[in-house]
Amino acid sequence: MSNRLGVLTSGGDAPGMNAAVRAVVRAALDRGVEVYAIYEGYQGMVDGGDKIQPLGWRSVSGILQKGGTMIGTARCAAFRTREGRRKAVRNLLEHGIDRLVIIGGDGSLIGAHILCQEWPELVSELVRDGEIPPEVAERHPYVAIAGLVGSIDNDVFGTEMSIGADTALHRITEAVDAISSTAASHQRTFVIEVMGRRCGYLALMGALATGANWVLIPESPPDMDDWEERMCEVLRAGRQAGRRESIVIVAEGAQDHHGNPITAEYVRQVLEERLGEEARVTILGHVQRGGPPSAFDRNLSTLLGIAAVEELLAATPESPAYLIGLRENRITRMPLEECVKKTQEVNEAIEAGDYERAMALRGKGFQDAFRTLRTLLRAVPHPPRPGQRRLRLAVLTADAPAPGMNTAVRAAVRVGLDMGHVVLGVRNGLRGLVEGNFEELEWMSVTGWASHGGSTLGTSREIPEGSDLYAIARNLEEQGINGLLIIGGWAGYEAALRLHQARGDFPSFDIPIVCLPASINNDLPGSELSVGADTALNNIVDAVDKIKQSAGATHRCFVVEVMGRYCGYLALMSALATGAERVYLHEEGITLRDLEEDLRLLVASFEAGKNLGLMIRNERANPLYTTDFIRALLEEEGGDLFEVRQAVLGHLQQGGDPTPFDRILATRLAVRCVAFLSEQAGKDEPASACVGLVGGEIRFTDLEEIPRIADMKHRRPKQQWWMDLRPIARMLAQPYPGFMTDRGMKGASGEC
Ligand code: ADP
């Protein structure tokens with residue numbers, strides 16, 4: 001095999017493709033492998049010539065934050081023919097390329113699979129026809145391919161998230177939030193069409209994230225003939241209950257259960273005729289593909305790109321082509337052939353009207369989301385079932401406000417009421433629990449909360465102690481509380497543990513308590529991700545993009561301080577998403593030697609032609625080597641080579657409306673928490689737990705486990721999965737390949 005690798009982007013563009021290309025180029029160069037861009041997707045492969053060109057380290061500078069794809073993409077009819085693919089193979093061999101990273105949607109990946117299968121035969125034909133010499137054929141007997149799913153639709157089997165889907169959801173939620181406010185002002189109904197010809201992912205998750213009132217997707221058409229009446233009934237009931245706006249989201253490929261398309265225009269006519277009110281259609285169209293990639297898409301693409309290079313370098317003649325994807329919050333691979341087949345199976349199932357199979361193939365997360373959405377869409381709760389035990393559940397938010405807290409409260413209230421329970425909100429968090437500040441929440445009390453940042457219930461940080469416990473016990477008893485949901489950060493977790501441990505002394509504490517992780521710091525035990533962290537990360541990334549842009553052509557280094565308390569998650573993930581060369585974490589500490597080394601690296605980088613430096617420091621990385629200290633040190637020692645500025649991002653990180661990811665996570669977790677409380681409340685010895693996302697699954701961890709799995713002093717989990725990503729951030733931000741390894745790279749040995 002050769003020491004050359006080709007990378008191409010194909011089919012519809014998707015935000016994050018650039019980040020993937022950057023990672024592929026840099027990871028390959030770092031490993032001493034040459035990289036060629038194949039411009040304009042398969043068209044460039046078929047055309048050859050100047051469409052295939054080497055890429056250097058610097059040619060991918062400054063593209064991480066850009067939408068679209070800098071190496072171009074196209075649809076190529078010629079590649080669908082054997083003759084076209086024969087030309088493509090000849091062009092690749094001309095450049096000695098027999099390893100490929102192909103980034104595209106399902107069509108592009110089918111093309112990749114066919115190319116992989118046909119390669120040996122096409123190479124023999126080219127030798128037979130005298131188009132390439134036999135020794136070239138001998139050098140390249142097979143092609144190694146790694147496919148990455150770059151498509152906003154998220155419709156390919158083999159990865160839970162495709163490159164671009166998260167960003168598209170950002171665009172959809174921004175648009176729907178904006179439309180909702182105007183719709184509410186005029187009491188109007190809006191029908192919003194989102195992309196997804198064969199996949200309802202964007203429509204479903206968009207509806208879940210925005211609290212839309214009805215959704216139509218291809219995989220699960222309404223299972224009745226007069227679905228129009230059912231939809232109108234729900235919207236009518238919503239209006240009667242006092243809702244001012246009605247939003248219906250329609251996927252491009254929505255259909256009824258006979259397979260007839262349901263268009264946004266048709267839905268609009270139905271609503272106008274049957275509800276007798278004005279309805280408007282908004283087709284979001286290409287806005288969904290646009291804009292800078294979200295933090296998640298940048299990091300996902302980066303990790304996939306690096307894994308693709310590793311895969312290709314390890315390929316043997318026996319290895320199949322792989323799809324590199326994300327499953328259970330980890331980068332994994334699956335044979336491309338299987339992914340292509342399963343993807344086609346979903347499409348065939350939809351065409352054949354086998355919707356059950358289509359839903360099953362979409363996976364558990366999709367089905368869960370659909371079930372949850374159906375409950376939340378209701379305009380009023382189900383009436384209590386006869387003989388059902390009616391619980392009184394209390395919900396509160398604790399610790400610092402985190403975007404997504406309101407979303408979680410809304411979901412808990414609605415699901416709780418739908419199960420026939422009474423749900424009481426506690427005002428002002430743990431303080432309210434001591435002061436007895438309870439308020440019954442109705443179905444409509446939480447309207448619009450899905451999209452609002454902060455905590456409307458109010459929150460507080462103090463952890464109850466001493467006489468507070470007596471007050472809480474009395475309040476819980478007086479209110480007849482059967483279960484408690486605490487949505488928040490460490491203060492909430494510690495308070496829950498304290499109440500749980502005091503149950504011997506206070507009988508009213510003998511109820512199930514469940515903690516839902518909501519903290520921008522992502523520092524909570526029992527969950528790999530907490531609600532609010534994705535929003536904070538995006539806030540940081542937006543701010544750093546602007547800070548970087550402000551530097552213009554000046555030689556400048558920025559030291560940016562981010563939140564996180566003792567947890568470096570936000571610092572590291574924002575460094576990865578913005579291309580920072582150095583990140584300071586409390587987990588690693590900072591020594592004088594580190595700073596000297598960093599200064600030397602920075603000077604060498606600027607001498608090697610860099611004109612922008614970026615260091616990200618966690619707020620508690622070191623009590624003495626502060627952000628100001630580091631700025632002053634670099635400024636003084638950098639001399640004329642660069643100037644240094646600092647930016648302490650502060651509370652802007654906690655603010656803003658939650659991202660779609662945080663809203664969806666908050667909703668999914670809250671639904672499970674209410675189910676947990678309902679189940680445990682009936683038991684003699686009810687369990688108390690914290691809920692979380694572990695390996696992509698929602699799991700409960702017994703509260704008593706917390707001291708074992710957490711570093712209680714620094715209030716963070718003992719094992720933090722993201723620590724493994726540290727060497728990647730540094731490798732990618734080197735000024736030229738091998739720079740870090742030449743000079744020794746902290747963290748590269750994988751000592752984490
Ligand atoms: P996407 O990759 O976004 O799904 P398309 O379906 O348009 O977009 O596919 C992109 C390109 O992939 C096509 O223009 C074509 O060059 C190639 N391709 C798609 N399907 C096939 C196929 N069955 N055989 C060979 N090449 C294909």
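The values are calculated or read from the model by the stated rules, or taken from the named source; none is laboratory data. Just so it is clear, the model here is predicted, and its values are computed rather than measured. Here the Cβ positions follow ideal geometry from the backbone for every residue, glycine too, while neighbour counts run over all protein chains shown. Accessible surface areas use protein heavy atoms only, side chains included; no ligands, DNA or RNA. Shrake-Rupley method; radii C 1.70, N 1.55, O 1.52, S 1.80 Å.
Quick look at the numbers
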item: Condition met for residue 414 (more than 19 Å from residue 703 (Cβ to Cβ), basic (Lys, Arg) and not assigned by TED's automatic domain parsing to the domain that holds residue 715); result: no
item: Subset of region 63-77 [within 14 Å of the ligand (Cβ to nearest atom) and surrounded by 24 or more Cβ atoms within 10 Å (Cβ to Cβ)]; result: 69, 73
item: Number of the exception - residue 212 against (1) more than 30 Å from residue 276 (Cβ to Cβ); (2) away from the ligand (no atom under 16 Å from the Cβ); result: (1)
item: Residues that are without any contact (Cβ under 8 Å) to a residue 12 or more places away in the chain, among the small types (Gly, Ala, Ser) and over 30 Å from residue 259 (Cβ atoms), drawn from region 308-352; result: 314
item: Scan of region 282-293 for residues that are open to solvent by 50 Å² or more (accessible area, probe 1.4 Å) and farther than 22 Å from residue 73 by Cβ, ordered by number; result: 283
item: For residue 198: the one exception among (1) within 13 Å of the ligand (Cβ to nearest atom); (2) surrounded by fewer than 24 Cβ atoms within 10 Å (Cβ to Cβ); (3) modelled with pLDDT of 95 or more; result: (3)
item: Test: residue in region 219-229 that is among the charged types (D, E, K, R), assigned by TED's automatic domain parsing to the domain that holds residue 195, within 30 Å of residue 406 (Cα to Cα) and over 30 Å from the mean Cα position of the chain (by Cα); result: no
item: Single residue of 734, 719 found to be over 25 Å from the mean Cα position of the chain (by Cα) and either modelled with pLDDT of 95 or more or part of a loop (DSSP other than H, G, I, E, B) (or both); result: 734
item: Residue in region 80-93 that is open to solvent by 10 Å² or more (accessible area, probe 1.4 Å), under 25 Å from residue 325 (Cβ atoms) and of a type in the set (Ser, Thr, Tyr) present; result: no
item: Residue 481 vs. criteria touching a residue at least 60 places away in the same chain (Cβ under 8 Å), of a type in the set (Val, Ile, Thr) and closer than 22 Å to residue 535 by Cα; result: no
item: Residues being more than 30 Å from residue 238 (Cβ to Cβ) and open to solvent by 10 Å² or more (accessible area, probe 1.4 Å) - total across region 440-472; result: 11
item: Residue that is surrounded by the most Cβ atoms within 10 Å (Cβ to Cβ) [pool: residues in region 134-154 that are assigned to a helix (DSSP H, G or I) and either of a type in the set (D, E, K, R) or at positive phi (or both)]; result: 139
item: All positions within region 648-690 that are among the charged types (D, E, K, R) and part of a helix (DSSP H, G or I); result: 662, 663, 668, 672, 679
item: Condition broken by residue 58, with the remaining ones in (1) more than 16 Å from the ligand (Cβ to nearest atom); (2) open to solvent by 20 Å² or more (accessible area, probe 1.4 Å); (3) under 32 Å from the mean Cα position of the chain (by Cα); (4) modelled with pLDDT of 95 or more satisfied; result: (4)
item: Filtered residues of region 8-41 (kept if open to solvent by less than 10 Å² (accessible area, probe 1.4 Å), more than 24 Å from the chain's Cα centre (by Cα) and within 16 Å of the ligand (Cβ to nearest atom)); result: 38, 41
item: For residue 2: the one exception among (1) away from the ligand (no atom under 11 Å from the Cβ); (2) open to solvent by 40 Å² or more (accessible area, probe 1.4 Å); result: (2)
item: Region 78-115, subset in a loop (DSSP other than H, G, I, E, B) and in contact with a Gly (Cβ under 8 Å, 6 or more places away or on another chain), residue farthest from the ligand (Cβ to nearest atom); result: 95
item: Scope region 253-276; condition part of a loop (DSSP other than H, G, I, E, B) and touching a strand residue (DSSP E or B) at 6+ places or on another chain (Cβ under 6 Å); matching residues; result: 254, 262
item: Every residue from region 381-404 that is in contact (Cβ under 8 Å) with a residue 40 or more places away in the chain and small (Gly, Ala, Ser); result: 394, 398, 400, 402, 404
item: Which listed residue, of 203, 207, is assigned to a helix (DSSP H, G or I) and closer than 14 Å to residue 288 by Cβ; result: 203
item: Residue match in region 251-264 (condition: assigned by TED's automatic domain parsing to the domain that holds residue 187 and closer than 30 Å to residue 529 by Cα); result: yes
item: Flag if residue 435 is among the charged types (D, E, K, R) and free of Cβ contacts under 8 Å to residues at least 24 places away in the same chain; result: no
